[in-house]
């Protein structure tokens, strides 16, 4: 259920907001990878959550990009 709510929030964002969210999510994923390497703290479910969120954001960005191109 959380992913549906998150998807609705992402759908309501503008293209520039999605770009910012993508950068932040990638940064969080990188920091988590570094933390797991340095401390040994490993939570595999979080890695997959971040990868899925990145994929959702990219998908919504491509939809918005294609909508902009069709309007021209």
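What follows draws every value from the coordinates through simple rules; no lab data is involved. All values reported here derive from a predicted model rather than from experimental measurement. Ideal geometry is used to build each Cβ from the backbone, glycine not excepted, and the neighbour counts take in all protein chains shown.
To keep it simple, each residue is scored yes or no on (1) closer than 25 Å to residue 68 by Cα; (2) without any contact (Cβ under 8 Å) to a residue 12 or more places away in the chain; (3) exposed (fewer than 11 other Cβ atoms within 10 Å of the Cβ); (4) out of contact with any helix residue (DSSP H, G or I) (no Cβ under 6 Å at 6 or more places or on another chain).
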position: 15; (1), (2), (3), (4): yes, no, no, no
position: 30; (1), (2), (3), (4): no, yes, no, yes
position: 36; (1), (2), (3), (4): no, yes, no, yes
position: 52; (1), (2), (3), (4): yes, no, no, yes
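Every condition in (1) surrounded by 12 or more Cβ atoms within 10 Å (Cβ to Cβ); (2) over 22 Å from residue 3 (Cβ atoms) is met by residue 67 except one, and the failing one is (1).
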